[in-house]
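Down below is the structure, laid out as structure tokens.
The values are calculated or read from the model by the stated rules, or taken from the named source; none is laboratory data. Here the structure is a predicted model, which is why all the values come from computation and not from measurement. Here the Cβ is made from the backbone with ideal geometry for all residues, glycine too, and neighbour counts use every protein chain on show. Quick note on the areas: whole protein, heavy atoms, side chains included, nothing else; ligands and nucleic acids left out. Shrake-Rupley method; radii C 1.70, N 1.55, O 1.52, S 1.80 Å.
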Amino acid sequence: MSGIGTAVTLRPYRHPADVPGLVRVFNEMGEADDVHERRSVEQLTAWYGHATPHFDPARDIIVAEVQGAIVGYARHQWVDTSDEKREHRAIVFVDPRQREIVDVLLDAGEARAAEAAREQGPVDRPRVLTGWADDRQTWRLDAYARRGYEPIRWGFEMVRPTLDDIAVLPLPDGIEIRPIAGRAALRRLWDADVEAFRDHWGGFDGSDEAFEEWLAEPDHDPSLFVVAFDGDEIAGGVLNEVNASENQLLAVERGWLDSVFTRRPWRRRGLAAGLVARSLVALRDRGLTSAILGVDADNPNGALGVYERAGFVVSTRDVQVRRPWLAPGALPA
């Protein structure tokens, strides 16, 4: 496949040979855009070494090269969402010196989405095309806008600048924190997290393959998880993570509250606030000095207020954009 004239060549992803090039693109893009996230070779090797029913790296990543050097890539993934859509996500990552290829990569991502839709066959819900960008990434947002994508949802990245003065609130009656260890216990935790997020905006890949990918992540550390039990039932939890390579690249000492969830029967009882506070203590005890998390700005369960009361402040905002695509039962030409 060729892109702009003969300068840009598009090809399928090759694992793991392409990982260093993809990491370089992601990190240089983040630095240029002042987006404070970084990736490591170990992370992408783990993530892109696992195919799931929703994402097959060999087919869903399209790599762009100029004179044999990787300058960008498109990534496609599909998921059924809480608002009854089949969402085909086309995200692009571009070397900041090669921003002119953004449309070529979006073409490739959308073409892969059409191919996947034809392979899946008709479905009983509308198909839509979606993308994401930090709101400072105007080059990304402009490219989506040229194609008719419109903003539909906002999310916040929130930071607690220090881990001082943590108010540890009492847990609801009957709730206790217990450690999680072993594959069976981790699978129960994974399933509880997936169940809780069915009520949230968007969609989530809860497949067996995605579980295996989660276990293989280089920063996976169950000793940092804070999990609440009510008897034998998991009531909620916070899956904390320390991204050591990211911290080194950004010269920070922060921990991620990567997933904060409360299952429906235990909501509105103050459980989330207690779990977040205990997570901050756990991160502080590991020598971290700040914490970060992401939240849907319109989360229906009041998560934003929980985090603000715990000392988090909004740092950046990201935008989900969407374009109507195919009616129920329809397939792309």
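Quick check on region 151-234: take the gyration tensor over C-alpha atoms, sort the square-rooted eigenvalues as a ≥ b ≥ c, and tell me if it's rounded (a/c under 1.5), prolate or oblate.
rounded
Could you tell me which residue out of 295, 200, 270 lies farthest along the dipole of region 199-304 toward its positive end? Charges go on the beta carbon: Lys and Arg +1, Asp and Glu -1, centred on the Cα centre.
The listed residue farthest towards the positive side: 270.
In Å², what does the accessible area per residue of the chain work out to with a 1.4 Å probe?
Here the residues of the chain average 44 Å² of exposed surface.
Which whole-number percent of Cα pairs in region 40-173 have a distance greater than 24 Å? Each step should come with its number before you reach the end.
Values: 3849 of 8911 pairs.
Percentage above 24 Å: 43.
Ignoring everything but the protein chains, give the 1.4 Å probe accessible area of residue 245 in square angstrom, nearest 10.
30 Å²
Limiting things to C-alpha atoms, what are the Rg and the maximum Cα-Cα separation (Dmax) for the chain, in angstroms?
That works out to 20.3, 67 Å for Rg and Dmax.
Tell me, what is the percent relative contact order of region 1-103, built from C-alpha pairs under 8 Å that lie six or more residues apart?
The value is 28 percent.
Tell me the angle of helix 271-285 to the major Cα principal axis of the chain, expressed in degrees between 0 and 90 and rounded to the nearest ten.
The angle comes out near 80 degrees.
Can you give me the % of accessible surface on the chain that is carbon or sulfur? Probe 1.4 Å, all protein chains present, nothing else counted.
Result for the chain: 51 percent of the exposed heavy-atom area is carbon or sulfur.
Report, in debye and to the nearest 20, how large the dipole of region 267-333 comes out about its Cα centre when Lys and Arg carry +1 and Asp and Glu carry -1 on their Cβ.
200 debye
What nm value, rounded to one decimal, do you get for the distance between residue 7 and residue 100 when each label is placed 7 Å out toward the C-beta?
Taking the simple label geometry, residue 7 and residue 100 are separated by 0.3 nm.
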